[in-house]
Amino acid sequence: MATITPETFVNKIEKLSALLDITKSMGGERDLEALLVLITEATSRVMHAERSTLLLLDHNRGELWSKVAQELEIKEIRIPSNQGIAGHVTRTGKTVNITDAYQDPRFDEQVDSRTGYFTRTMLCVPMKNQLAETIGVFQVLNKKDGAFESDDEELLAAFASQAAVAVETAQLHEDLKNQFRSSIEVMAASIDARDPYTAGHSERVVEYSLGIGKQIGLDAKEMEVLRLSALLHDYGKIGTDDAILRKPGKLSPEEFTHIKSHAAETHALVSRMYFSRDFTQVPDIASSHHEKLDGSGYPLGLANGQIPRAGRIIAVADVFDAVTSNRPYRQPFDLEGAFDILEKTKGHHLEASLVDAFRRYYLVKDKSAEKT
């Protein structure tokens, strides 16, 4: 039986304490991408390793995948689930501890060839759910002070059990979010489909709105609120008469009054949807894109700061798409004409800083499109 020295004992306590802190952090993280980065960075630090990767099993595609930090970007990597040592651990559900990677026939040297990295030692531990099914693999490379030992195996296996709970919770959260988002997208598309002249309108308004949001530095939550609100901004048109919606000409004053009611109807309908605490403002935002800074808009005649900022953003996107889209009673404006209209609305209808942000976004987008 190996003798445990005071130094070894202290080292174990420090590692366990560090992993406990990480486990607490994992419990509060619901974003899967952020969680994977948190886990891998912490694992490398605690295991005294150069690199760590948490590869998740995608059953549908037969692949292992993960998000890895590369310079300033988070990139996705994918490998076949039967490839290399990670694939072996996935199939067998057993830990693999290698002291010399290039002497192991299971090691895929092509990975090092592609990345320029040189793998010496490797510890691979399966991550299993509560049903004892392997849902991923921890892969830790190049321990800084020698080879990985049995204590490292036990430590990483214990951590993998805790990580599995956090990962499955984050995956469930992401699945629910994607399901909700896809339902909203179908709702928006169903409105656009009613009028051939507005096909794709909601998608473009979302794109333009997010472009403005990025320019002014909205955070991730604000961007998601903006996305949902932009998708739903015309949902009230579900109650608009088809004859008016598809009329091949200008609307009469009575018809225009009818179609204006879609903003209030959007609020009435969207307010009936359940939104989590972060998204409770969506009904107010989605129904406010026809408000104007001078208070002459509708449905509530809000002015200046009374209009939600996200609503002011969607208003810019909505006007731009409206004037650059074909209508039965007029041809679309060209880019110069559209921006001229936006300029003329500054201060009394649209917010000047948001119009400028949209111009910056669109010009960069336009240049990128030219290159491709």
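The values are calculated or read from the model by the stated rules, or taken from the named source; none is laboratory data. Note that the structure is a prediction, hence the values are computed from the model and not measured. Here Cβ is always computed from backbone atoms with ideal geometry, including for glycine, and neighbour counts include all displayed protein chains. For accessibility, only protein heavy atoms count, side chains too; no ligands or nucleic acids. Shrake-Rupley method; radii C 1.70, N 1.55, O 1.52, S 1.80 Å.
Measuring between alpha carbons in the structure, the pairs from LYS214/LYS365; LYS237/LYS260; LYS214/LYS237; LYS247/LYS344 lying more than 19 angstrom apart are LYS214/LYS237; LYS247/LYS344. Between SER190 and GLU222, the modelled label-to-label distance comes to 3.2 nm, taking each label 7 Å out from Cα in the direction of the beta carbon.
For LYS143, a cut-off of 12 angstrom between C-alpha atoms picks up these aspartates and glutamates, skipping any fewer than 8 places away in its own chain: GLU50, ASP100, ASP152.
Taking 0.36 nm per residue of separation and subtracting the current Cα-Cα distance, fully stretching the chain between LYS250 and ASP334 would add 28.2 nm.
Once backbone amide H atoms are built at 1.01 Å from N, ARG51 has LEU141 as its partners under 5 Å, excluding neighbours fewer than 5 places away on the same chain. Computed 3J(HN,Hα) for region 347-360, one whole-Hz value per residue from the Karplus formula 6.51 cos²θ - 1.76 cosθ + 1.60 where θ = phi - 60°, is x, 9, 10, 9, 6, 4, 5, 6, 4, 5, 5, 5, 4, 4, glycine and proline marked x. Taking every Cα-Cα distance in region 97-227 and sorting them into 5 Å bins from zero, the calculated P(r) comes out as 2, 8, 11, 11, 11, 10, 9, 10, 10, 8, 5, 3, 1, 0 percent. Based on alpha-carbon centroids, what's the gap between region 209-282 and region 308-354 in Å, whole number please? Centre-to-centre distance over Cα atoms comes out at 16 Å. Per-residue 3J(HN,Hα) values for region 156-167, derived from phi via the Karplus relation 6.51 cos²θ - 1.76 cosθ + 1.60 with θ = phi - 60°, read 5, 5, 5, 5, 4, 5, 5, 5, 4, 5, 5, 5 Hz in sequence order (x marks Gly and Pro).
Quick check: at a probe of 1.4 Å, how many percent of the accessible area of region 261-311 sits on carbon and sulfur atoms? Using a 1.4 Å probe with all protein chains present, region 261-311 comes out at 48 percent carbon and sulfur. In the assembled protein chains, SER183 presents an accessible area of approximately 60 Å² (probe radius 1.4 Å).
Positive contributions from Lys and Arg (+1) and negative ones from Asp and Glu (-1), summed over other residues with Cβ under 15 Å from the Cβ of GLU224, come out at 0. Spin-label model, SER182 to ARG51: label points 7 Å out along the Cα-to-beta-carbon direction sit 3.3 nm apart. Normalised by the number of residues in region 276-372, the mean separation of alpha-carbon contacts (under 8 Å, six or more apart) gives a relative contact order of 23 percent.
For region 108-117, the Karplus equation 6.51 cos²θ - 1.76 cosθ + 1.60, evaluated at θ = phi - 60°, returns couplings of 8, 5, 5, 4, 5, 4, 6, 9, x, 8 Hz by residue, with Gly and Pro reported as x. When the C-alpha to C-alpha distance is required to be over 31 Å, the pairs from LYS94/LYS221; LYS128/LYS177; LYS67/LYS346; LYS75/LYS128 that qualify are LYS94/LYS221; LYS67/LYS346.
Against the chain, whose longest principal axis is taken from its Cα atoms, helix 201-215 shows a tilt of about 60°.
Taking the Cα centre of region 242-321 as origin and assigning +1 to Lys and Arg Cβ atoms and -1 to Asp and Glu Cβ atoms, the resulting dipole is close to 60 debye.
Between the amide H of ILE135 and those of MET127, LYS128, ASN129, distances stay under 5 Å, these residues lying 5 or more places away or on another chain, with hydrogens modeled in the peptide plane.
Solvent exposure of the chain amounts to 54 Å² per residue of accessible area, where only protein heavy atoms count and the probe is 1.4 Å. The simple spin-label model puts a point 7 Å past each Cα toward its Cβ; for ARG91 and ASN326 those points are separated by 5.6 nm.
For helix 309-323, what angle does its Cα long axis make with the longest principal axis of the chain, in degrees from 0 to 90 and rounded to 10? The answer is roughly 60 degrees.
With a cut-off of 14 Å on the backbone N, the residues of region 38-64 near the modelled label site 7 Å out from LYS144 along Cα-Cβ are 41-52. Based on Cα atoms of region 117-181, Rg over Rh with Rh as the Kirkwood radius reads 1.12. Magnitude of the charge dipole for region 129-256, about its Cα centre and with charges confined to Cβ atoms of Lys, Arg (+1) and Asp, Glu (-1), is about 800 debye. Please identify which residues in region 139-170 have an amide N closer than 18 Å to a label point set 7 Å out from the Cα of ASP112, following the Cα→Cβ vector. Correct set: 139-148.
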